[in-house]
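In what follows, a structure is listed as structure tokens, so that the remarks can point back to it.
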Amino acid sequence: MAKKFSKEHEWLEINGDVATVGITDHAQQALGDIVYVELPEVGKKLAKDGDAAVVESVKAASDVYAPVDGEIVEANEELDANPALVNESPENDGWFFKIKMSDASQLDDLMDEAGYKAFVEGLED
Amino acid sequence: MADPQAENLYKTALYDLHVELGAKLVPFAGYAMPVQYPLGVKGEHLHTRAKAGLFDVSHMGQVRLVGENRVAELEKLVPGDIAVLKPGRTRYSAFTNDDGTILDDLMITNAGDSLFLVINAGCKDDDIVHMRANLDNGVELQELSDRALMALQGPEAANVLARFAPDVASLKFMSFVEIDIAGIPCFVTRSGYTGEDGFEISVPDTEAEKLARLLLAEDEVEAIGLGARDSLRLEAGLCLYGNDIDTTTTPVEGDLNWIINKRRREEGGFLGADIILDQLANGADRKRVGIKPEGKAPAREHTMVLNKDGYDIGEITSGGFGPTVDAPIAMGYVAIEFAEPGTKVDLMVRGKARPAEIVALPFAPHRYFRG
């Protein structure tokens, strides 16, 4: 399975035409303690760069954007009871939603793991 | 991320220590201030409630008023009874204006030969102009701009500070003493902005880092940033100037009637007294209240408050998540007929009306030391 990354600090794990989406370890560290995640409803159609979810820390709310066009097929209900999963396991158990992609060519705009690592290092300089 | 060093920000005497401790520094009221340390906002908040936290609040203004008419002159600008304040006692008050609204909130201490004032960072320049323009009859304002201010807050704060200055143990809430801490001359008030027992310590800039390091070396003490300072004060139901009170709110609307005692209500004689005394007698149209969202979604400042019929009845002025109550919490203004605790309301968050309830403040009980 291929893993892709966006400049908005999301990761996508691609399985056929479905992408599992979450926020990266770098993103959760920058946000701090997550206290609430608002997830999109199953069946909702999203356009790339549109609002997909909201993640709230003690201090502030941050938007999570859809990295690709598609339809939500599953949301991680575990995050309702335990939003801290995003801090503890951002790139595994702390996933946000699964989206059925309508235009797989949009994946070409995203970075691979090495590309994302270099992107983050560039931000920290 | 913005580099605070690049923006011509003021630095407090503890700036280098913040950097060394790994703080995330942000611009705040013109200063590069630590919003959090590696422990994180939630951890810092919970640590302060469990043990003791050290806060750098040197961005706040410290001034002294001298001159024999200082009390009467200051009473022209604040609705509090300063004449009754004995030496060594501290009082919370507010500068009002001709509209009866609030220019700033502040702490006033009778330091014996002077009044010692602590004012908000974002207001201090305007406050000083306002005081210099209005304090007559030989009253002189001295800016104590070479002093740092730190707060040591939490249930272990008194135990920790007494190791360096045993006499602070018996100091009561809202009292003041000039005392040496580990040989450093300090002004200490038993007060704070967390709802916990604790102290605010004014110290010469040149000695600030030494004192901070001494306190941080104690097992119970962690450095705490502005993020946790905000969540702690919100749980304690304390106003943040600029959010919860400002030049659009009167002390009566802000539920601060308690800062105006019987004598000042009878005599008036402060800016905006006609408006404020009228509201005290006849009520205001709206009031600051605690608001508890029913679900888990925090409602932030500027969130609209609706009654159960869907009408706009007010606005949240501070809102977030309270780590100690482990739930979202908020305060804001609602029309007076909806201000009673227990009233059900809705909060408009991201286009959805979400249920909430008006509640009494504070969310976390105050634990002040009253002797």
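Only the coordinates and a few stated rules stand behind these numbers; no lab work does. If you're wondering where the values come from, they're calculated on a predicted model, not measured in any experiment. Reconstructed Cβ throughout: ideal geometry from the backbone, glycine too, with neighbour counts over all protein chains shown.
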Quick one: pull the percentage of alpha-carbon pairs in chain A with a separation above 19 Å. 43 percent
Magnitude of the charge dipole, region B:1-91, Cβ model with Lys/Arg +1 and Asp/Glu -1, debye to 20: 420 debye
Return the Cα extents of chain B along principal axes one, two and three, sorted largest first, each rounded to a whole Å. 63, 50, 45
Listed residues B:Arg300, B:Arg286, B:Arg213; largest mean-square fluctuation, Gaussian network over chain B with Cα springs below 10 Å, found at B:Arg213
Which lysines does A:Lys117 reach when only Cα atoms under 17 Å apart count, and residues fewer than 8 places away in its own chain are ignored? A:Lys3, A:Lys4, A:Lys7
At a Cα cut-off below 26 Å, give the lysines reachable from B:Lys51, other chains included and same-chain residues fewer than 8 away excluded. A:Lys59, B:Lys24, B:Lys42, B:Lys172, B:Lys210
Estimated FRET transfer efficiency when R0 is 30 angstrom, pair A:Ala114-B:Asp16 (beta carbons, to 0.05): 0.25
Only Cα pairs within less than 10 Å get springs; with that Gaussian network setup on chain A, which residue of A:Glu41, A:Glu13, A:Glu91 has the largest fluctuation? A:Glu41
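I'd like the FRET efficiency for A:Glu74 and B:Lys210, computed as 1/(1 + (r/R0)^6) with the beta carbon distance as r and R0 of 56 Å, rounded to 0.05.
0.50
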Helix-only [θ] at 222 nm, chain B, -39500 (n - 2.57) per DSSP H run of 4+, per residue, nearest 500, equals -5500 deg cm²/dmol
Please list, or write none, the lysines whose alpha carbon is within less than 20 Å of the alpha carbon of B:Lys287, excluding same-chain residues fewer than 8 places away. B:Lys308, B:Lys344
Lys, Arg +1 and Asp, Glu -1 on Cβ, resulting dipole of region B:285-359 about Cα centre, debye, nearest 20: 240 debye
Net charge, B:Ala223 excluded, C-beta distance under 11 Å - Lys, Arg +1, Asp, Glu -1: -3
P(r) of region B:285-359 over all Cα-Cα pairs, binned every 10 Å from zero, in whole percent: 23, 61, 15, 0
Suppose a student asked you for the relative contact order of region A:8-110, using Cα pairs under 8 Å spaced at least 6 residues apart; what percent would you report? 32 percent
Order these by the 10 Å Cβ neighbour count, fewest first: B:Arg70, B:Arg350. B:Arg350, B:Arg70
For region B:86-175, what relative contact order do you get, as a whole percent, if you take Cα pairs closer than 8 Å and at least 6 residues apart? 21 percent
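For the protein assembly as shown, with only Lys/Arg (+1) and Asp/Glu (-1) charged at the beta-carbon, what is the dipole magnitude about the Cα centre, in debye rounded to 20? Before the final figure, lay out the partial values.
Details: 48 positive and 86 negative charges, 324 e Å.
In debye, rounded to 20, the protein assembly as shown gives about 1560.
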Test of understanding: what is the full-extension gain from A:Leu123 to A:Gln29, defined as 0.36 nm times their sequence separation minus their Cα-Cα distance? 32.4 nm
Rg/Rh of the protein assembly as shown (Cα atoms, Kirkwood Rh), to two decimals, equals 1.02
What fraction of the Cα pairs in region B:1-120, stated in percent, has a spacing above 26 angstrom? 42 percent
Packing-based exposure ordering (other Cβ within 10 Å, fewest first) of B:Arg229, B:Arg89: B:Arg89, B:Arg229
Output the relative contact order of chain B, whole-number percent, from Cα pairs under 8 angstrom with separation of 6+ residues. 18 percent
Two pseudo-spin positions, 7 Å from Cα along C-beta at B:Ala217 and at A:Asp63, lie apart in nanometres by 5.0 nm
When a footprinting reagent is the concern and you count Cβ atoms within 10 Å, what order do B:His45, B:His366 take, fewest first? B:His366, B:His45
